[in-house]
Amino acid sequence: MVTDLSVDFCGLTFKNPITTASGTFGSGMEYKEFFDLSLLGAVTTKGVSIDPWEGNEVPRVAETPSGMLNAIGLQNPGVKVFQERDLPFLEGFDTRIIVNVCGHSIEEYCRAAQALSETAVDILEINISCPNVAEGGLSFGTDPAQVLRITRAVKDVSKKPVFMKLSPNVTSIAEIAKAAEAGGADGLSLINTLTGMKIDVRKRSFFLANRTGGLSGPAIHPVAVRMVYEAARAVSLPIIGMGGVRTAEDALELILAGASMVAVGTANFHDPLAAPRIVKGLAEFMEEEGIASVKSLIGAVE
Amino acid sequence: MSTPVEEVGVILSQKEIANGIFDLTVQAPEIAKRSLPGQFVSVFCRDLSRLLPRPISIADVGAEGTIRFLYRVAGAGTYEFSTLIRGDALRMTGPLGNGFPEISGNAVLFGGGIGIFPLLYLVKKRHNPKDIVFLGYRNKELFAMEEFARCAEVRVATEDGSFGVRGTVLDAAGDLKEDFSAVFSCGPLPMLKAVFAWAGERGVQAYLSLEERMACGVGACLGCAVSGKKKRLRVCKEGPVFSAGELPW
Ligand SMILES: Cc1cc2nc3c(=O)[nH]c(=O)nc-3n(C[C@H](O)[C@H](O)[C@H](O)COP(=O)(O)OP(=O)(O)OC[C@H]3O[C@@H](n4cnc5c(N)ncnc54)[C@H](O)[C@@H]3O)c2cc1C
Ligand SMILES: Cc1cc2nc3c(=O)[nH]c(=O)nc-3n(C[C@H](O)[C@H](O)[C@H](O)COP(=O)(O)O)c2cc1C
Ligand code: FES
């Protein structure tokens, strides 16, 4: 049997439903040493902002049981360098390009989205877990009214499909998902990291220089499955699901919960070949189970 | 620099050479043939609750496609490694990072604690009897010292004064009279900063190997990006070895 791993949304076809989670894969340059990026349905890049960001002091990462905390602080060289250095590199592969966008204000998001709309990227993924400078550093992504505003503003200036990347640090993910849909989003990505903290008991101080960090990895997978499910029930938008995916089975859980595509993040650190191995595992699963197309599994949990 | 590879190595031997310090030899020809002194390997745990790689320096490379790690048991991951025996598998990616530059002429090397280990491969490869190696230990458990002494001149400092000079490697170096063209060092941060200053006063180029918490180990996540003089530097990619001029100290 020929199994079909391809998925389509927003008028785009992806050869398979596996991409990389933003910030865990750079722009793929480091991982192309390990495998051909054309094996992926898409590459999702590290967040880029209109101007360069310095990021936080070290330590920026800490291991936790079945996961990790990170507080990189969205260090990135800005849209201009991204456009001149990273995009031409990615265009050399037969894969789609999803660029993750960050900003400190709605204006910054819009400028970045506008500039990136003029390039070869396929999808803009808007990370709304960034601190909102105007609102005293609280994340944009936790208040439905703000999510609606930022979605609408970015949509207005973008010529590419806009996916809003949602924070899990909210009471109701369904409310936030609906706000993004009302703002005109073309799709959703979730989940971003869960805010956590680690304390060094001998030093009696915070482990990360930033004190708090985002929890990712297999530890958060069940939260991701639940939230993708709730978001998928609340809206009729395509979803890129992520959170703790390490195996093809983990990816399938998110697909059955409602994701059209799945991103592999922290697992890349545990195995640089994790993403292509998951693609292979998906194909094997479908063959074993006699499933002709992965599309038939999207949201098929009952 | 050659590209890194993923390789499942096979343990050939392991022994405890001092209290909590292990000497591990792994058959890993693909990594071995690419390795340079100062580079490191990401070693993965079997326990899936410990996802992140443990960066361990390449302490030596054998002609038969083996690599050697010398390491201290510091926590659960290195404890797991210490329980491995001959025939066990060890998943790794490497070699990673830049390594020490090749520099002719005599060198002075400073190694402190676990920072001694990456210097061993360097000293063996240089094999210059006029190189002077200062090794700093806690006490008279002088692991790997004899191997260094076969390739270069060794001087020792111990924290408790039980062997050599009491104090740090800098105390042992004092006002060195010999001429030399480069300084190589690895060890705790205060020691590296002291070596940086010591080399600076003498107008000699220093190459310092830094340690930082890592996640990807390959340059993608920016988890290990420390402040450099001009820009942030990824310890796993631009480093772990930096020339003094790159550092903002
Ligand atoms: C470039 C480089 C080369 C190194 N080479 C050697 C070597 O040759 N021999 C040796 O004994 N040790 C070396 N280390 C230190 C070694 O990586 C740590 O001791 C080891 O990761 C501890 O793991 P653990 O699970 O036992 O400890 P835990 O404290 O339980 O580890 C928890 C997490 O913190 C990380 N971590 C803990 N200590 C360090 C540290 N000092 N540096 C970076 N990450 C750390 C671990 O990788 C893990 O992700 C090196 C570190 C770096 C950065
Ligand atoms: C080191 C690191 C950096 C990240 N950087 C970004 C980022 O720049 N933008 C973003 O939207 N998400 C970022 N994330 C979140 C991931 O894209 C992903 O949503 C999250 O880690 C959950 O997936 P995982 O458990 O598979 O890693 C980052 C995560 C990690 C671990
Ligand atoms: S550990 Fe990821 S960039 Fe160095």
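Couple of notes before you dig in:
- Matching residues in region B:43-64 - criterion: being away from every other protein chain (no Cβ under 14 Å) and open to solvent by 10 Å² or more (accessible area, probe 1.4 Å): B:56, B:57, B:60, B:61, B:62, B:63, B:64
- For region A:231-249, the criterion of being charged (D, E, K, R) and more than 26 Å from residue A:4 (Cα to Cα) is met by no residue.
- Residues of region A:247-271 satisfying the condition of being more than 14 Å from the chain's Cα centre (by Cα), crowded, with 23+ Cβ neighbours inside 10 Å and at the interface with chain B (Cβ under 10 Å from one of its Cβ atoms): A:269
- Among residues of region A:32-45 that are more than 12 Å from chain B (Cβ to nearest Cβ), those with a beta-carbon under 6 Å from a residue that is at pLDDT 95 or above and surrounded by fewer than 18 Cβ atoms within 10 Å (Cβ to Cβ) at least six positions away or on a different chain give the pairs A:37/A:93; A:38/A:93; A:38/A:94.
- If you go through region A:207-232 and keep only what is out of contact with any helix residue (DSSP H, G or I) (no Cβ under 7 Å at 6 or more places or on another chain), of a type in the set (D, E, K, R) and within 19 Å of residue A:176 (Cα to Cα), you end up with just A:226.
- Consider region A:43-70 and keep the residues that are polar (S, T, N, Q) and near ligand 2 (Cβ under 8 Å from one of its atoms). The one that is nearest to residue B:221 (Cα to Cα) is A:70.
- Of everything listed in (1) over 14 Å from the mean Cα position of the chain (by Cα); (2) surrounded by fewer than 24 Cβ atoms within 10 Å (Cβ to Cβ), the single unmet condition for residue B:92 is (2).
- Selection status of residue B:128, assigned to a loop (DSSP other than H, G, I, E, B), more than 14 Å from every other protein chain (Cβ to nearest Cβ) and closer than 30 Å to residue B:3 by Cβ: yes
- Filtered residues of region B:74-89 (kept if within 20 Å of the chain's Cα centre (by Cα) and open to solvent by 50 Å² or more (accessible area, probe 1.4 Å)): B:74, B:79
- Within region A:137-149, tally of residues that are over 18 Å from residue A:74 (Cβ atoms) and assigned to a loop (DSSP other than H, G, I, E, B): 1
- Evaluation of residue B:52 against (1) away from ligand 1 (no atom under 12 Å from the Cβ); (2) out of contact with any Ser or Thr (no Cβ under 7 Å at 6 or more places or on another chain); (3) within 16 Å of residue B:90 (Cα to Cα) (one fails), failing number: (1)
- Positions within region B:167-199 being touching a residue at least 60 places away in the same chain (Cβ under 8 Å) and among the aromatic types (Phe, Trp, Tyr), in sequence order: B:180, B:184
- Region B:203-237 - residue that is touching a residue at least 24 places away in the same chain (Cβ under 8 Å) and more than 9 Å from ligand 3 (Cβ to nearest atom) and, of those, farthest from residue B:77 (Cα to Cα): B:204
- Count of residues meeting criterion [within 14 Å of another protein chain (Cβ to nearest Cβ) and touching a strand residue (DSSP E or B) at 6+ places or on another chain (Cβ under 6 Å)] in region B:1-38: 7
The values are calculated or read from the model by the stated rules, or taken from the named source; none is laboratory data. Keep in mind it's a predicted model, so treat the numbers as computed, not measured. Glycine gets a Cβ as well: all are built from the backbone with ideal geometry, and neighbour counts include every protein chain shown. Just so you know, the surface numbers come from the protein's heavy atoms only, side chains and all, with ligands and any DNA or RNA stripped out. Shrake-Rupley method; radii C 1.70, N 1.55, O 1.52, S 1.80 Å.
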